[in-house]
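What follows draws every value from the coordinates through simple rules; no lab data is involved. If you're wondering where the values come from, they're calculated on a predicted model, not measured in any experiment. Cβ atoms come from the backbone with ideal geometry, glycine included; neighbour counts cover every protein chain shown.
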Amino acid sequence: MNNFNRMAGALTFGLTFGLTPALVANAEELTFTPAEMIEWDTREFEGETHYRLTEVDGREALHARCDRSASALYLEREINLEETPVIEWQWRINETFEPTIDERQKSGDDYAVRVYAVIDGGWRRWRTEVVNYVWASAMSEGETWDNAYARQAKMIAVRSGEEQAGEWVTERRNLADDFEATHGTRPETIDGIALMTDCDDQDTQIEGWYGTIRFLPE
């Protein structure tokens with residue numbers, strides 16, 4: 001993938017398409033099911049990762065199959081982090097990439113599953129802020145680092161390695177806290193949410209599954 005497209009992918013979909021007037025999240029809970037997520041807009045960066053609705057282990061899931069490609073499903077929507085700062089989601093993998101890759105370099109910026117949130121900087125691209133939650137191949141769980149293509153995108157290894165491959169894993173993070181920890185400011189809102197399975201930099205194939213994403217009060 002060329003540097004411009006990868007930077008656009010790591011940073012924001014709103015810069016390209018423009019954010020639409022948004023609905024503020026219900027303070028009790030905001031839920032996105034796989035059936036809803038499959039209807040999100042697609043943004044291709046290098047070929048197309050194929051997403052389809054399926055069922056795994058008796059639960060509805062969004063299956064992503066990557067073949068030397070990188071494309072995201074994204075939703076442009078303002079979500080109020082003062083009311084619902086906690087993000088919870090389920091994901092599943094069969095395998096990661098080789099544990100020898102360097103995910104801090106462009107050649108290693110691929111993940112079987114990732115979920116990310118965006119604060120849109122508009123025409124001031126340098127003010128765009130992104131938090132990427134990834135299931136890492138090499139970086140240790142809990143590590144954070146700058147995205148290789150765009151320093152404004154911060155990576156957090158929520159899960160790492162293949163110990164839980166083949167299992168559904170539920171993650172829960174305080175997104176407002178993570179923005180503050182990685183960017184230095186605590187946002188009141190975000191402008192969009194996305195997911196992406198990509199394997200273009202590794203020039204190979206991989207797959208992953210996504211379950212329901214929820215935004216919750218503390």
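Matching residues to (1) free of Cβ contacts under 8 Å to residues at least 12 places away in the same chain; (2) of a type in the set (A, V, I, L, M); (3) closer than 30 Å to ARG52 by Cβ; (4) out of contact with any Cys (no Cβ under 7 Å at 6 or more places or on another chain):
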| position | (1), (2), (3), (4) |
| --- | --- |
| VAL134 | no, yes, yes, yes |
| ASN147 | no, no, yes, yes |
| GLY166 | no, no, yes, yes |
| ASN174 | no, no, no, yes |
| ILE213 | no, yes, yes, yes |
| LEU216 | no, yes, yes, yes |
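Please state which one of GLU207, GLU129 is touching a His at 6+ places or on another chain (Cβ under 9 Å), surrounded by fewer than 22 Cβ atoms within 10 Å (Cβ to Cβ) and among the acidic types (Asp, Glu). Lay out the reasoning, then the answer.
Details: GLU129 fails: surrounded by fewer than 22 Cβ atoms within 10 Å (Cβ to Cβ).
One residue alone meets the criteria, GLU207.
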Does ALA181 count as over 28 Å from HIS63 (Cα atoms), touching a residue at least 12 places away in the same chain (Cβ under 8 Å) and either touching a strand residue (DSSP E or B) at 6+ places or on another chain (Cβ under 9 Å) or assigned to a strand (DSSP E or B) (or both)?
yes
Has the stretch 86-95 got any residue that is assigned to a loop (DSSP other than H, G, I, E, B) and either within 15 Å of the chain's Cα centre (by Cα) or over 29 Å from THR189 (Cβ atoms) (or both)?
yes
Within the stretch 101-134, can you find the residues that are within 23 Å of THR170 (Cβ to Cβ) and not in a loop (DSSP other than H, G, I, E, B)?
TYR111, ARG114, VAL115, TYR116, ALA117, VAL118, VAL130, VAL131, ASN132, TYR133, VAL134
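Right, THR96: of a type in the set (Val, Ile, Thr) and touching a Lys or Arg at 6+ places or on another chain (Cβ under 8 Å) or not? Explain how you work it out, then say what you get.
Numbers: of a type in the set (Val, Ile, Thr): yes; touching a Lys or Arg at 6+ places or on another chain (Cβ under 8 Å): no.
Spelling it out, it is not the case that THR96 is of a type in the set (Val, Ile, Thr) and touching a Lys or Arg at 6+ places or on another chain (Cβ under 8 Å).
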Those residues of the stretch 154-169 that are buried (at least 17 other Cβ atoms within 10 Å of the Cβ) and polar (S, T, N, Q) come to a total of 1
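Can you work out which of the residues in the stretch 83-109 that are among the acidic types (Asp, Glu) and over 20 Å from LEU73 (Cβ atoms) is surrounded by the fewest Cβ atoms within 10 Å (Cβ to Cβ)?
To start, the set of residues in the stretch 83-109 that are among the acidic types (Asp, Glu) comprises 83, 88, 95, 98, 102-103, 109.
When the remaining residues are screened for being over 20 Å from LEU73 (Cβ atoms), the result is 83, 95, 98, 102-103.
Numbers: GLU83: 18, GLU95: 13, GLU98: 11, ASP102: 13, GLU103: 23.
Checking each candidate, the answer is GLU98.
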Which of the residues belonging to the stretch 135-153 are surrounded by 23 or more Cβ atoms within 10 Å (Cβ to Cβ) and assigned to a strand (DSSP E or B)?
TRP135, ALA136, ALA153
I need the full set of residues from the stretch 30-61 which are surrounded by 13 or more Cβ atoms within 10 Å (Cβ to Cβ) and part of a loop (DSSP other than H, G, I, E, B), in order please.
THR33, ILE38, TRP40, GLY47, GLU48, THR49
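Quick one: would you say ALA112 is closer than 23 Å to LEU30 by Cβ, of a type in the set (Gly, Ala, Ser) and crowded, with 19+ Cβ neighbours inside 10 Å? If you could, list the steps in order and put the result at the bottom.
Numbers: closer than 23 Å to LEU30 by Cβ: no; of a type in the set (Gly, Ala, Ser): yes; crowded, with 19+ Cβ neighbours inside 10 Å: yes.
No: the conditions fail for ALA112.
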Restricting the stretch 170-197 to residues that are touching a Phe, Trp or Tyr at 6+ places or on another chain (Cβ under 6 Å) and not small (Gly, Ala, Ser), the one surrounded by the most Cβ atoms within 10 Å (Cβ to Cβ) turns out to be LEU195
When you scan the stretch 87-105, how many residues do you find that are closer than 19 Å to ALA117 by Cα and of a type in the set (A, V, I, L, M, F, W, C)?
3
